[in-house]
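What follows is one structure encoded as structure tokens, with my remarks underneath.
The values are calculated or read from the model by the stated rules, or taken from the named source; none is laboratory data. What you are looking at is a predicted structure, and each value in this text was computed from that prediction instead of being measured. Note that we place each Cβ from the backbone using ideal geometry, even for glycine, and neighbour counts take in every protein chain shown. Side chains are part of the model used for accessible areas, which takes the heavy atoms of the whole protein and leaves out ligands, DNA and RNA. Shrake-Rupley method; radii C 1.70, N 1.55, O 1.52, S 1.80 Å.
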Amino acid sequence: MNLSSITAPIVSRLAPTPSGYLHLGNAVNFVLTWLLTRRAGGTLHLRIDDLDRQRLRPAYLDNIFQTIEWLGLDYDHGPSGPEDFETNFSQLHHLGEYQQLLDELRQVPDLLYACRCSRTDIQRAGGQHPDATCQAQRLPLDTPETAWRAHVPNGLTIEFQDLWQPQVAVPLAADIGDFVVRKKDGVAAYQIASVVDDIRLGTTLIVRGLDLLPSTAAQLWLASQAKCTAAFGHVQFAHHALLPGADGEKLSKSTQASIQRGIMAEAGSPRVVYATVARLLGLPDAAGESLATLSWGIPNRLSS
Ligand SMILES: [Zn+2]
């Protein structure tokens, strides 16, 4: 990654979901996002994705704020704590904006269709949505108890420039196929909310793990279908490698444990996180001592 190629001004965000305790991967992503944004003199938002209210627990919400503090990070805009979040920042305050994008997308010919499939139907089909069946039924989109799916054309590949990875090409149809944009309860799905929120915040840089490449491709493609989300096409992405571990097995065990209790409870000190970030950035071990040493050590160019 050539950091000097990051176009100013940078606006980025930490975007956790309060559906579990934050694990090492989340913490590493926070530190990387903070470092890249601060280095560019940019603005950082805290954006909490709580649309999946059934999985939200107050302890998970608290854990987000505690983990950010534990890591020594700051942000410029966003909720100051759980109460402020619920009152002023919950995604529930933006349902109308998500609906606006859905309304625009439903005008695009052959893009959305209603899907009646249950979880069991999809499991029976081997975990893949049996696209042809639902699409052929051509149910009206307003049929009760249906989700809306976006039809990804066969063979569609999404290409984009990434700041960290070589030229990226995601075979979207093969990787995720027709995906849900509105759930059966009528609420927008993650991809819709994420795009709309990033546009509202004026996000220009998104730092994510490589596991989210298909999600990025889905969002870029979806955003390109509507006028109100055209600006999303200018967002720059930096996808980082997943956690490097000298001992793969050991890492997966600790990852398992940290999902149960969260990285804060699992690791005695945030140095575990800083050290992992240093390795991801290809820095000497000494750079992983603290946030300050990471900030000083961050090179201009990063190789993937
Ligand atoms: Zn279906």
Tell me the Kirkwood radius of the range 1-148: reciprocal of the mean inverse pair distance over distinct alpha-carbon atoms, in Å. 18.5 Å
Overall Cα dimensions of the range 78-198, principal axis frame, Å, largest first: 46, 44, 30
Three principal axis extents, largest first, for the C-alpha atoms of the chain, in Å? 60, 40, 39
Which chymotrypsin sites (Phe, Trp or Tyr not before Pro) in the range 126-199 pass both tests, a DSSP loop state and at most 11 other beta-carbon atoms within 10 Å? none
Taking a probe of 1.4 Å, how large is the accessible area per residue of the chain, in Å²? 48 Å²
Using only the Cα atoms, what convex hull volume per residue in Å³ does the range 158-223 have? 93 Å³
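Pick out, in residue order, every one of the trypsin sites (Lys or Arg not before Pro) in the range 109-140 that is DSSP loop and has at most 12 other C-beta atoms within 10 Å; say none if there are none.
Working: sites: 116, 119, 124, 138; in loops: 116, 138.
When the trypsin sites (Lys or Arg not before Pro) of the range 109-140 are filtered for loop state and at most 12 Cβ neighbours within 10 Å, 138 remain.
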Given springs between every Cα pair under 10 Å in a Gaussian network model of the chain, which of 87, 216, 229 has the largest fluctuation? 87
